[in-house]
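Asker: Once you've had a glance at the structure underneath, I'll fire off some questions.
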Amino acid sequence: MIKLTTVIEAIKKSDNYLIVGHVDPDGDCIGSMFALKWGLERLQKKALVLLTEPLDKIYDYLNISRDDYLIQDEDDIQGLSWSNPNIISLDTGSKERLGNNKDLVDDYYTINIDHHIDNTLYGDLNYVDKDSAATGEIVYQILEKLGIKVEKKIGTAIITALVGDTGGFSYQNTKPEILRLTSDLMESGVDLYTVNRALFASYSFESLKLKGMVFSKARRTFDGRISYFVLTQEMINKSGASFKDTSGLVNFARDIKGVEVGILFQEKSDNEIKVNFRSNNYCPVNEIAAEFGGGGHPRAAGCTINNTLGNAIKMVLKKVKKYV
């Protein structure tokens, strides 16, 4: 792995940046992108976050301006007042995970910064630290080495990344360094309570109805070592919720006593099934996801299967059985 100082020197060389992340961005992705964007602006650089979909309202507490980002396929990317930007890709294991932004990697110089163990090193410059709890941890180190003071606004984005990828500091990747960093950020004025509440303890009535439908159809198999939920389009329609309301749902499957692997199957369309995996102790779910073209971490991963819901369930359970 290259040294972080190499990344720092590369960032210093350009004044124009587009910052991208993976489709269906989570807290680590969102927090990392905007923390870096605001930090680069402190150095008088031009920086914009380029999303592939509208920003989720759960991140309203970050006070992100519409001027802070563009949305691919909605905004005029070609109409930027500055040309030939460099790309910084954050928290994204492969070019394909960039969705509609993936072609930018071929068109512009790309710095790929990530912590996923299965990152495909698709950038011109790649910094992948699998020991980091979150990409936000790496972004903080970059900002620190660039001499940028991390105050409340940027700090809140960093803590969003840390909280998101450690499950509110409950996962195995919660290291002492993360807690010390969080303490420092809180002393700078970051409100940890607000972040935790937004990410884990604030949901719509419709999402509660959806959870009830999903929980009522919960299944266990292989002597209780695997539990899985199925979420159909019909459930979405009946509850009045949306697929964005499913965040964290798979964790309930994993948290059942005696379960090693929890799985959530989401029927996005008739032949598009999104699959989320979580494991407790030993099952490398990133390896299972990789067999279906996905990826992630050993304890949290995902993939998309282009098949019917029934077939997707059979295919996945057959693979998981080999690991548990």
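Read-outs throughout are calculated quantities, based only on the coordinates presented, and are distinct from any laboratory measurement. All of these numbers come straight from a predicted model, not from anything done at the bench. A quick note on method: Cβ atoms are made from the backbone with ideal geometry, for glycine too, and the neighbour counts reach across all protein chains shown.
Asker: Which value in Å is the Kirkwood Rh of the stretch 41-83 over different Cα pairs?
Answerer: 11.8 Å
Asker: Also: Let me have the relative contact order for the chain, percent, based on Cα pairs under 8 Å that are six or more residues apart.
Answerer: 13 percent
Asker: So, in nm, how far is label ALA218 from label LYS149 when the simple model puts each one 7 Å beyond its Cα toward the Cβ?
Answerer: If labels sit at ALA218 and LYS149, their model points lie 4.9 nm apart.
Asker: Moving to a separate point now. What value in Å³ per residue do you get for the convex hull of the alpha-carbon atoms in the stretch 259-324?
Answerer: Dividing the Cα hull volume of the stretch 259-324 by its residue count gives 64 Å³.
Asker: Using the beta-carbon distance between LYS319 and GLU234 and R0 = 30 Å, what value does 1/(1 + (r/R0)^6) give for FRET efficiency, to the nearest 0.05?
Answerer: 0.70
Asker: If you don't mind, another one. Under 1.5 on a/c is rounded, so check that first for the stretch 1-44, then, if it is not, pick prolate when a/b is larger than b/c and oblate when it is not; a ≥ b ≥ c are the square roots of the alpha carbon gyration tensor eigenvalues.
Answerer: oblate
Asker: Just check the stretch 185-294 against the gyration tensor rule for me: Cα atoms, a ≥ b ≥ c as the square roots of the eigenvalues, rounded for a/c under 1.5, and otherwise prolate or oblate depending on whether a/b exceeds b/c.
Answerer: Oblate.
Asker: DSSP loop GluC sites (Glu not before Pro) in the stretch 150-242 with at most 15 other Cβ atoms within 10 Å of their Cβ, which ones?
Answerer: GLU151
Asker: Could you run the Debye sum over the Cα atoms of the stretch 78-228, one equal point scatterer each and no solvent, and tell me log10 of I(q)/I(0) at q = 0.17 Å⁻¹, two decimals?
Answerer: Each listed q corresponds, in turn, to -1.11.
Asker: Hey, got a sec? Which trypsin sites (Lys or Arg not before Pro) in the stretch 231-260 land in a DSSP loop and have at most 14 other Cβ atoms within 10 Å?
Answerer: Those satisfying the criteria are LYS257.
Asker: Based on other C-beta atoms within 10 Å, arrange LYS57, LYS95, LYS145, LYS37 from fewest to most.
Answerer: In increasing order of surrounding Cβ atoms, one gets LYS57, LYS145, LYS95, LYS37.
Asker: Still on this structure, I have one more. Taking 0.36 nm per residue of sequence separation and subtracting the Cα-Cα distance, how much length would be gained by fully extending the chain between SER65 and GLU206, in nm to one decimal?
Answerer: Contour length minus Cα-Cα distance gives 48.0 nm.
Asker: Still on this model: Pull out a ≥ b ≥ c, the square roots of the eigenvalues of the alpha-carbon gyration tensor of the stretch 179-242, then state rounded if a/c is under 1.5, prolate if not and a/b is larger than b/c, and oblate in the remaining case.
Answerer: Taking the square roots of the gyration eigenvalues as a ≥ b ≥ c, the stretch 179-242 is oblate.
Asker: List the pairs from LYS12/LYS152; LYS153/LYS175; LYS238/LYS318; LYS102/LYS130; LYS102/LYS268; LYS37/LYS130 whose alpha-carbon separation is above 27 Å, in the order I gave them.
Answerer: Flagged as over cut-off: LYS238/LYS318.
Asker: I'd like the Kirkwood hydrodynamic radius of the stretch 1-122, using the inverse of the mean 1/r over distinct C-alpha pairs, in Å.
Answerer: Hydrodynamic radius (Kirkwood, Cα pairs) of the stretch 1-122 is 14.7 Å.
Asker: Same structure, new question: Return the Rg/Rh value of the chain, two decimal places, where both radii are evaluated on C-alpha atoms and Rh is the Kirkwood radius.
Answerer: Result for the chain is an Rg/Rh of 0.96.
Asker: Can you give the % of DSSP beta bridges in the chain that are antiparallel, to the nearest 5?
Answerer: The answer is about 40 percent antiparallel.
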